[in-house]
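Enquirer: Below: one structure in structure tokens.
Nothing in this text is a laboratory measurement; each read-out follows from the coordinates by a stated rule. On a predicted model such as this, the values are computed, not experimentally measured, just so you know. Heads up, the Cβs are rebuilt from the backbone with ideal geometry, glycines too, and the neighbour counts pull from every protein chain shown.
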């Protein structure tokens, strides 16, 4: 499946292997430099010279990139950022332009598509309905569905799926993400999306495995969640979210409208990987799966939403009852997601976050529920993910709570052991509660390691080219982009390489690959 499966994105799975290779190139940045929080500095001062990769080469100092120079490098015309302190937006600003070649500047109220961040706002809508007693997190959703029913199959002959499963990506339903719709494309109904019928562009949403056993990111499951909201209320998600989330929180510019009307104004246009306008003549795509990927919002508005979640968790805001907010921010086993957001860190450094990745827009939200810190990052270019990782690192460093410190790699003292090379096979006996996120984001049955000089390369099924790993020690290596993957070769007391432990430190997920004879 690849790293793209864990981005929280709405992009279809066809180019996922190629995307993982590019994401991997963002890589290796996390081995333990924590920058102290400059309390008196303006919240966005970190963007002047604080951007950095996640992994630093041996002896490399943090480069001190500015946002402006990295926007040029990544060919991303426009960015908007908001920063929170104590659960409130304290600074928000736009950078660059709404459309390449134009003069209209991005500001904190410019509308961006935010991809799968939509899922977190949809989750807030669902939880507001739970608080009202309209929905129950633990009831079989078939009890609410009227236009479509959970599809029985040989794998799941009598489906029992609740909202808790749909929201945490543990339902067993498939379809990772959805393709965007270009200007002129017909938009399918929600039933057509779920059944994979034209003009829908994706496959039918069906069970890949029984519910509650595996963490497997599913835009399809959130589309079922959307249908539950609509069938239970008799209204569209756009209308319900407007009344229960957007209006109460003052998110005046935000909308699930699709296609987005040009009359809304101040819209960030879509750009391809070369930084050129795309989705012409209108200038932006449409999204049939509103709950999973259809939200348009601004840095100011999305910052308000992050603040509402933090305030609900801390018991200082009434948006959600505190027990529901705590449940939202608690991992649902065996995965790393709560009821909507993904979770990482511990103690005061614990955070919730979610990425969004439509074809021409990339975005990130992140909040620290204990301290009230947080930020949102919105971009309007296909290369936005790499830029977001660098901005995120700068903002995390400025917050100073130890999230995602820079990883310093080392130069091997001697060449990597020749017997690291070979084929490794996944041990399926490792419990899913240990394997966790890797069951989705590193879904490979076999790996092939090769050694050439000081270089250790990893070939994965479906990849265009092997990935180069960077050394953390004689038998420890790292590969990183928006997420960090660590690879530890295990040699026993007889001197034999027994296998390879693959881990995602952020999610405390570990998989074991035994070396083939």
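Enquirer: Quick check on the exposure proxy: order 95, 352 from fewest to most C-beta atoms within 10 angstrom.
Expert: The most exposed by this proxy come first: 95, 352.
Enquirer: Now a separate question. Determine the gain in length on full extension of the stretch residue 516-residue 370; use 0.36 nm per residue of separation and subtract their C-alpha separation, reporting nm with one decimal.
Expert: 48.0 nm
Enquirer: Moving on. Multiply the residue separation of residue 272 and residue 57 by 0.36 nm, subtract the distance between their alpha-carbon atoms, and state the gained length in nm to one decimal.
Expert: 74.5 nm
Enquirer: When the chain is fully extended, how far beyond the present Cα-Cα distance does residue 463 get from residue 430, taking 0.36 nm per residue of separation?
Expert: 9.4 nm is the gain from fully extending residue 463 to residue 430.
Enquirer: How many angstrom separate the Cα center of the stretch 154-194 from the Cα center of the stretch 251-273?
Expert: Each part's Cα centre sits 24 Å from the other's.
Enquirer: From the Cα gyration tensor of the stretch 320-403, with a ≥ b ≥ c the square roots of its eigenvalues, which class applies: rounded if a/c is under 1.5, or else prolate if a/b is larger than b/c, or else oblate?
Expert: Oblate, since a/c reaches 1.5 and b/c is not below a/b.
Enquirer: Quick check: the distance between the Cα centres of the stretch 482-508 and the stretch 198-237, to the nearest angstrom?
Expert: 35 Å
Enquirer: What order do you get for 57-68, 297-308 when each peptide is scored by the mean count of other beta carbon atoms within 10 Å, highest first?
Expert: My ranking of the peptides, most packed first, is 297-308, 57-68.
Enquirer: Please work out whether the stretch 146-247 counts as rounded, prolate or oblate from its C-alpha gyration tensor, where a ≥ b ≥ c are the square roots of the eigenvalues and a/c under 1.5 means rounded, while otherwise a/b larger than b/c means prolate and anything else oblate?
Expert: Because a/c hits 1.5 or more and a/b fails to exceed b/c, the stretch 146-247 counts as oblate.
Enquirer: Quick check: pseudo-label points 7 Å beyond the Cα along Cα→Cβ at residue 423 and residue 316, how many nm apart are they?
Expert: Those two pseudo-labels are separated by 5.7 nm.
Enquirer: Could you tell me the ratio Rg/Rh of the stretch 418-515? Both radii from Cα atoms, Rh via Kirkwood.
Expert: For the stretch 418-515, the value is 0.93.
Enquirer: A follow-up question, please. Can you give me the orientation-averaged projected area of the convex hull built on the Cα atoms of the chain, in nm²?
Expert: Mean shadow area of the hull around the Cα atoms is 23.3 nm².
Enquirer: What share of all Cα pairs of the stretch 119-158, in percent, falls into each consecutive 10 Å distance bin?
Expert: Once binned at 10 Å, the Cα pair distances of the stretch 119-158 give 25, 43, 26, 5.
Enquirer: Starting with the highest mean, order 333-340, 432-439, 459-466, 407-414 by the number of other Cβ atoms within 10 Å, averaged over the residues of each peptide.
Expert: 333-340, 432-439, 407-414, 459-466
Enquirer: Assuming R0 = 60 Å, can you tell me the calculated FRET efficiency for the pair residue 136 and residue 414, based on Cβ-Cβ distance, to the nearest 0.05?
Expert: Taking R0 as 60 Å, the efficiency between residue 136 and residue 414 is 0.50.
Enquirer: What is the order of 112, 477, fewest Cβ neighbours within 10 Å to most?
Expert: 477, 112
Enquirer: Under 17 Å from a point 7 Å along the Cα-to-Cβ line of residue 104: which residues of the stretch 241-257 have their amide N that close?
Expert: So the set is 253-255.
Enquirer: Only counting other Cβ atoms within 10 Å, I'd like 502, 97 sorted with the fewest neighbours first.
Expert: Lowest to highest Cβ neighbour count: 97, 502.
Enquirer: So how do 185-192, 226-233 stack up, highest first, on mean other-Cβ count within 10 Å?
Expert: 226-233, 185-192
Enquirer: Ok, one more. Using all alpha carbons of the stretch 333-464, what is the percent of pairwise distances in each 5 Å bin, ordered from the shortest bin to the longest?
Expert: Result, from short to long distances: 2, 8, 13, 13, 15, 18, 15, 11, 4, 0 percent.
Enquirer: Using a ≥ b ≥ c from the Cα gyration tensor of the stretch 253-294 (square roots of the eigenvalues), is it rounded, prolate or oblate, where a/c under 1.5 gives rounded and otherwise the larger of a/b and b/c decides, a/b for prolate?
Expert: Oblate shape, in that a/c is at least 1.5 and b/c is the bigger or equal ratio.
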